[in-house]
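Everything below concerns the one structure shown next.
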Amino acid sequence: MAALLEVKGLKAFYGQTQSLYDVGFEIPDGGITTLLGANGAGKTTTLRAICNMVRTDGTIRFAGKDIAGQATEEIVRLRIAHVPEGRGTFTTLTVDENLRIAAYTRRDKAAVHADLERVFGYFPRLKERIQQQAGTLSGGEQQMLAIARALMLKPRLMLRDEPSFGLAPLIVQEIFRILRRINEDDKVSILLVEQNAALALDLATHAYVLETGRVVMSGPSSVVKNDENVRKSYLGY
Amino acid sequence: MEQFLQQIASGLANGAIYACVALALVMIYVSTDHINFAQGEMAMFSTYISWQLMTWGVSFWFAFVLAVVFSFVLGVVIERAILRPLHNAPVLSIVVVFIGLLAICNSVAGAIWSYLIKEFPSPFPKSSFGIAGVIGPHQLGVVIVTLVVLGLLFAFFRYTPLGLAMRAAAQNPQMARLVGVRVDWMLALGWGLAAAVGAVAGIMVAHIVYLDPNMMGGILLYAFASALVGGIGNPGGAVVGGFIVGVLENMVAYAGNQIEKATGIYIIGNGEKLTVALIIVITVLTVKPAGLFGRVVVKRV
């Protein structure tokens, strides 16, 4: 399988502080890859670096094209959907407006309409709340809206930061089920950052472990899952 | 009674002007958190452009449209050329730039067209327009034109993809980038629209206050008061605030006149109208800082 996203020697800086030193990984087209690591290891920063939301240095190739240094909005237009941690929605806009703005860059109006219907198929709850302001939705509904919003971009790659953040276990399970369907049915490749390593390793085909801004381990999820250090540090048994 | 209605009507006409300028201020405020002190002077400059076109023989409405388009372009250019490089500058630097812009517009207009006060025509027919004894043709015309412009703006922001993108960019620039909105251009566009709305206000009010480089000074203050009354981050509130302030200043002066007539004691009159605006500013800021329609912003720490 060819790599959809190729990252080599990635460094990132917040002001004078360097938070990524040498991050490299590949995301196969059509797969789900997860980044594991403790708080502060640089997982979120890696996602932000891909979209040029922090100062970065290194190589980032998407579908064979060098995208390092391009403006965030231009990278998004290559159909990379980044759903940031927490509530990735416009809180003062309605659900309907959130979904419409998500398809702002698309010109294929008929396909947008079909995608809207499909998104409502995944999240019927959003259809009931279509005229409600996003900020008034429950935490789970906002997560659904954030994913729905990302889907409306018709992404080739989805960068998903902490989908379980602040949610009840049942809702987390539902969100992960939907992420799998999105990957299988819509052929969206996913790069997943998740605190809950057990869940992430179940969903993902490949895993990379970050420590203080460096990749310290990588491989197929099944292998990483059984690594003794990973088990002790991230899985807790 | 007739005098009372007259005062309300002229208050509404003035209020329409304040509403436009207040909306211009709010449009820039919501996306940048800055108050453009030069908004009034930019509008004045646009008004001179329309006047110049008219003296060259261009008809009123054509000159109106050209001046509004010119203002739009000027607004975009100012944002791109002057404010873009100051994107991460501290607030004070930006305030200084605004004051500089104010002074530049004022003195350039003075240099080109002199500080002599000029008459400015009204496009509205004298007879059979307005309601005799209550509202004059120009006042009624001003209310109609501004309401049409405000309605168009509302429809633009509410119903078009570009308007939606501008609102998204103002609400959460980083998220807007993540859905592919070119946020920098949205800001420039916002400046253009604000300048255009300001120009409409300037051209409409010039017949009433006459044309001179300092014509917008007081109006900017009223507009600021209006924006605060409505809630500085709320465009609809700014418009309502404009009408409230316009009517209120007339009512205060009217009440003062009535008291003087009845008792012979002078408390307040037409001369103190601007003071009323300042009192409104101070009262709103101390009693209800979020304004009538504003939301109290609570920051999670």
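Bear in mind these aren't lab numbers, they're just calculated from the coordinates by the rules spelled out. The model shown is predicted, which means the values in this text are computed figures rather than measured ones. Note that each Cβ is placed from the backbone with ideal geometry, even for glycine, and that neighbours are counted across all protein chains shown.
Below, the figures for the structure above:
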{"read-out": "Spin-label model distance (nm) - A:D202 vs B:Q52, 7 Å beyond Cα toward Cβ", "value": "7.1"}
{"read-out": "Cα centre as origin, Lys/Arg/Asp/Glu Cβ charges: chain A dipole, Debye", "value": "320"}
{"read-out": "In Å, descending, principal axis extents of the Cα set of the range B:65-124", "value": "45, 25, 18"}
{"read-out": "DSSP-loop trypsin sites (Lys or Arg not before Pro) across the range B:126-199, with at most 12 other Cβ within 10 angstrom", "value": "B:K126"}
{"read-out": "Charge dipole magnitude, Cβ of K and R +1, D and E -1 - the protein assembly as shown, Cα centre, debye nearest 20", "value": "660"}
{"read-out": "Centroid-to-centroid separation of the range B:81-158 and the range B:190-228 [C-alpha atoms, Å]", "value": "3"}
{"read-out": "Amide hydrogen neighbours beyond the local backbone of A:S19, cut-off 5 Å, H modeled", "value": "A:A12, A:F13, A:Y14"}
{"read-out": "Computed Kirkwood radius, in angstrom, where 1/r is averaged over Cα pairs of the range A:104-229", "value": "16.0"}
{"read-out": "Per DSSP, loop chymotrypsin sites (Phe, Trp or Tyr not before Pro) in the range B:49-150 with at most 16 further Cβ within 10 Å", "value": "B:W56, B:Y115, B:F129"}
{"read-out": "Kirkwood estimate for the protein assembly as shown, i.e. one over the average of 1/r between Cα atoms, Å", "value": "26.3"}
{"read-out": "For the range A:90-153, fraction of C-alpha pairs farther apart than 15 Å, in %", "value": "41"}
{"read-out": "Normalised contact order of chain B, rounded percent, pairs of Cα under 8 Å and 6 or more residues apart", "value": "34"}
{"read-out": "Listed residue (A:Q132, A:L170, A:I101) projecting farthest to the positive dipole end of the range A:100-237, Cβ model", "value": "A:I101"}
{"read-out": "Rule-of-thumb Rg ratio for the range B:123-164 [Cα; 2.2 N^0.38 Å; N residues]", "value": "1.61"}
{"read-out": "Fraction of the pair-distance distribution of the range B:139-219 above 17 Å, Cα-Cα pairs, percent", "value": "56"}
{"read-out": "Helix-derived mean residue ellipticity, 222 nm - over chain A, DSSP H n ≥ 4, -39500 (n - 2.57), to 500", "value": "-10000 deg cm²/dmol"}
{"read-out": "For chain B, calculated [θ]222 nm from helices alone, where every DSSP H run of n ≥ 4 adds -39500 (n - 2.57)", "value": "-24500 deg cm²/dmol"}
{"read-out": "Hull shadow area, averaged, chain A [alpha-carbon convex hull, nm²]", "value": "12.5"}
{"read-out": "Rounded Å value of the spacing that divides the Cα centres of the range A:23-84 and the range A:161-231", "value": "16"}
{"read-out": "For A:V215, distant residues with modelled amide H under 5 Å away", "value": "A:D22, A:G24"}
{"read-out": "Kirkwood hydrodynamic radius (C-alpha pairs) into Stokes-Einstein, the range B:2-215, 37 °C and 0.692 mPa s, D in µm²/s", "value": "181"}
{"read-out": "Chain A: DSSP helices with Cα axial extent of at least 15 Å and average Kyte-Doolittle hydropathy no lower than -1.0", "value": "A:109-122, A:139-151, A:169-185"}
{"read-out": "For the range B:56-72, Karplus couplings with θ = phi - 60° (6.51, -1.76, 1.60), whole Hz, Gly/Pro x", "value": "8, x, 6, 5, 3, 5, 5, 5, 4, 5, 4, 5, 5, 5, 4, 5, 4"}
{"read-out": "Farthest toward positive dipole pole in the protein assembly as shown [+1 Lys/Arg, -1 Asp/Glu at C-beta], among B:F154, A:V223, B:L74", "value": "A:V223"}
{"read-out": "Dipole moment magnitude, nearest 20 debye, the range B:2-215 about Cα centre, only Lys, Arg, Asp, Glu C-beta charged", "value": "480"}
{"read-out": "Rounded to whole Hz, the Karplus (6.51, -1.76, 1.60) HN-Hα couplings of the range B:89-99, x for glycine and proline", "value": "6, x, 3, 4, 4, 5, 4, 4, 4, 4, 5"}
{"read-out": "Cα-based Kirkwood hydrodynamic radius, the range B:147-301, one decimal, Å", "value": "17.9"}
{"read-out": "Percent of C-alpha pairs per 5 Å bin, the range B:110-182, short to long", "value": "3, 13, 12, 10, 10, 10, 11, 12, 10, 6, 2, 0"}
{"read-out": "Integer Hz, Karplus 6.51/-1.76/1.60 couplings in order for the range B:229-237, x for Gly and Pro", "value": "4, x, x, 4, x, 10, x, x, x"}
{"read-out": "Average other protein chain Cβ within 10 Å of Cβ, residues A:101-112", "value": "3"}
{"read-out": "The range A:100-183: chymotrypsin sites (Phe, Trp or Tyr not before Pro) in DSSP loop, at most 11 other beta carbons within 10 Å", "value": "none"}
